[in-house]
Amino acid sequence: MLHTLSTQDVTTPGGLLLVLAVLVPFVGVLTGMVLGGRGAQRVALATLTVGFAIAIAIAAALVRSGDAVIYILGGWAPPLGIALRADGLAVVMLLAVAVVISGIGVYARADFGTPQGVREARAPFVFWLLLLAVWGSLNLVFVSGDLFTLYVALELLTFAGVPLVSLSGQPETLRSALRYLLYALFGSVLYLLGAVLLYGAYGTLDIGLLAERVRPEPVAWAAAALMTVGLMAKTALFPLHFWLPPAHAGAPAAASAVLSALVIKASFFLIIRLWLDVAPALMTPMIAQIHAALGAAAILFGSVLALRQARLKLLIAYSTVAQRGYLFLIFPLITRPESVTFAATDLVAIGVSTSAWTGGILQVVSHALAKAAMFMAAGLIAQSLGHDRIADLSSIGRALPITVLAFALAGMSLMGLPPSGGF
């Protein structure tokens, strides 16, 4: 297995922080709903500060212990109870999300501030509550230790992310949001069906216990295939990407930054968990190559379509399709064949290349930061000019030099130029 997921879990020092990482954003949502109006924005900004501090505290607890941070809900350990766990990968994602969400919150004050003289405006009120709901849902994805809690987290993330697309209320954005919802629900059904198959075959949904019990047999292959296709639909991997570009077309820049940089990272995170933690026995070199082939197709298809776009936001959206493909190249890069035995059967399973794994996760984080920066910069450009037509952006460098510089730096990171994170 890639991570230390013990079947004898006990709550570790700092474990309560995992509960706070999930609860604090949702408490912020409820408080914002009660206060309403400008209070929702104030609560959201305060919650961002507290949540960022919690993410740092979780990272510090992981460093001090040298192992995963664990919290056993209600004192009932798996398989009877539920455990929250944060290993190195989860903590990196928690920190990355905290940084990006905080940046988006600062950026969104201009676009989603309640106008003077107005007690409450619909779009600002809804945006701040949804932003906190997305954050809490993402944190739940990263710390969940069993497949059903992950399903709940995915559904919360879907129903917080979809309305962000349609904040303007225009017919085009509503159609895009509905398409997004249908794809997301399709993915959820397949994921849940796979989880049911695993529970029926192995009697547990806990990730650590499943890693010990899953064997290369038909029911496991069927469950893994169903869950992977469902998660790929949520990740917008080619050819299941058709909901993503239209969702960006009419969405506010802050919403696009949340969606592209963070929301679709959650399902990619779960694909990694599925193949390297839940079912490492199924992760053969052929499976790694299948993931890579889909990623390569996404790179080619997304890049060609991105170059054909006339609008800046759509160019960035289609480039997201391509860059999602790069993330799936992590599978053959990190795999290292090694012989293992299940019962009396010898087969080739997968070890993990530490250096390639580190590089892959750095690429995930770099993409989140760069993509959020590009969408926010594109939003400022469109707001300044009144449009985002690429052919008519020739003078934007003089009008918004800092914005264009930020856009260029993010682009260089995505290109992999040294010394950027993408490199």
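Quick notes
- Selected residue [of a type in the set (Phe, Trp, Tyr) and either closer than 19 Å to LEU94 by Cα or open to solvent by 50 Å² or more (accessible area, probe 1.4 Å) (or both)] from TRP135, TRP128: TRP135
- Restricting segment 67-86 to residues that are part of a loop (DSSP other than H, G, I, E, B) and hydrophobic (A, V, I, L, M, F, W, C), the residue that is surrounded by the fewest Cβ atoms within 10 Å (Cβ to Cβ): LEU80
- Test: residue in segment 333-353 that is surrounded by fewer than 20 Cβ atoms within 10 Å (Cβ to Cβ), more than 28 Å from LEU197 (Cα to Cα), touching a Lys or Arg at 6+ places or on another chain (Cβ under 9 Å) and at pLDDT below 85: yes
- Residue ID - nearest to LEU193 (Cα to Cα), chosen from residues in segment 141-153 that are part of a helix (DSSP H, G or I) and open to solvent by less than 10 Å² (accessible area, probe 1.4 Å): LEU147
- Residue, least open to solvent (accessible area, probe 1.4 Å), within segment 206-224, restricted to residues that are in contact (Cβ under 8 Å) with a residue 60 or more places away in the chain and acidic (Asp, Glu): ASP206
- Residue in segment 377-408 that is nearest to ARG311 (Cα to Cα), counting only those that are in contact (Cβ under 8 Å) with a residue 60 or more places away in the chain, in a helix (DSSP H, G or I) and touching a helix residue (DSSP H, G or I) at 6+ places or on another chain (Cβ under 6 Å): ILE390
- Among (1) open to solvent by less than 10 Å² (accessible area, probe 1.4 Å); (2) at pLDDT 90 or above; (3) not acidic (Asp, Glu), the one test that GLY161 misses: (2)
- Every residue from segment 225-284 that is surrounded by fewer than 24 Cβ atoms within 10 Å (Cβ to Cβ) and at positive phi: none
- Residues satisfying the stated conditions in segment 370-423, i.e. under 14 Å from SER319 (Cα atoms) and open to solvent by 60 Å² or more (accessible area, probe 1.4 Å): MET412, MET415
The values are calculated or read from the model by the stated rules, or taken from the named source; none is laboratory data. Predicted model only: the values in this text are computed from it and were never measured. In this analysis, Cβ positions are derived from the backbone assuming ideal geometry, glycine residues included, and neighbour counts consider all displayed protein chains. The protein model used for the area step is the full one, side chains on, heavy atoms only, and it has no ligands, DNA or RNA in it. Shrake-Rupley method; radii C 1.70, N 1.55, O 1.52, S 1.80 Å.
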